[in-house]
Amino acid sequence: MTKQLFVRIGVLGCVHAMEIADGADFPSSAKVVCQTDRGLEIGEIVSAVQHPDHQPVGRVLRELTAKDESRLAILRVRRDSAMRSCRQEIKLSRSDSRLIDAEPLFDGNSLYFYFADQVPALGEPMRLRLSRAYRTRVEFRPIPRQQGSQEKAADSVRLSVASNGCGSPDRCAKCGAAEICGRRQRRYPDQQRK
């Protein structure tokens, strides 16, 4: 039987159950490399799964090394460059879309752009230009604005989490939808509640 850990991954910081090999041991808060359906991602160990009845969404491969930290520094520069390029594309297309964040995956095969409320109307040509410029698969994801009540906020997280491929809030094993909303609100304070 494989063990499971709760791991925080992605820009939204969703917490998911992930498998680890028997005998593997990772301390809480350790930075790790994970294999998910999106590709290789960096995660942070939250805690051990006490009752492994959660469906794992990936596998913890190993703890981060010094070489991995160097790669992360390069990815941060790539993220900043991608943000500038995307903002320029938005400006040229005269779109009113607001870019919130960009997330290059650790394997370099995917680059995710997150927008407030909706992706740009002319998103496909823009996505193709960015994909060619960065020689990677580019995905646009909306992050719907919070709507005030806990239930509506949970619905908006459900939409955003399901659309970015990291599972539904029901599968966000450690935290509920409201906690994800709160974490997203702290990360993006310019998105005020209506």
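The values are calculated or read from the model by the stated rules, or taken from the named source; none is laboratory data. Treat the numbers as computed from the prediction; the structure is a model and nothing was measured. Don't worry about glycine lacking a Cβ; one is built from the backbone with ideal geometry, like all the others, and counts go over all protein chains shown.
Quick rundown of the values:
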item: Unmet requirement for S85, which otherwise passes all of (1) surrounded by 15 or more Cβ atoms within 10 Å (Cβ to Cβ); (2) outside the structural domain of S131 (by TED's automatic domain parsing); result: (2)
item: Unmet criterion (only one of (1) within 14 Å of the chain's Cα centre (by Cα); (2) at positive phi) for S29; result: (1)
item: Filter result for the condition that a residue is touching a Cys at 6+ places or on another chain (Cβ under 8 Å), buried (at least 19 other Cβ atoms within 10 Å of the Cβ) and outside the structural domain of S110 (by TED's automatic domain parsing), over V60, V49; result: V60
item: Selected residue [closer than 23 Å to T136 by Cα, in the same structural domain as S110 (by TED's automatic domain parsing) and either hydroxyl-bearing (S, T, Y) or buried (at least 17 other Cβ atoms within 10 Å of the Cβ) (or both)] from L99, L72, L92; result: L99
item: Tally, over the range 58-108, of residues that are over 21 Å from L128 (Cβ atoms), polar (S, T, N, Q) and assigned to a helix (DSSP H, G or I); result: 1
item: Residues that are within 18 Å of the chain's Cα centre (by Cα) and assigned to a loop (DSSP other than H, G, I, E, B), drawn from the range 1-26; result: G10, V11, L12, G13
item: Residue in the range 112-130 that is under 17 Å from G10 (Cβ atoms) and either outside any strand (DSSP E or B) or among the basic types (K, R) (or both) present; result: no
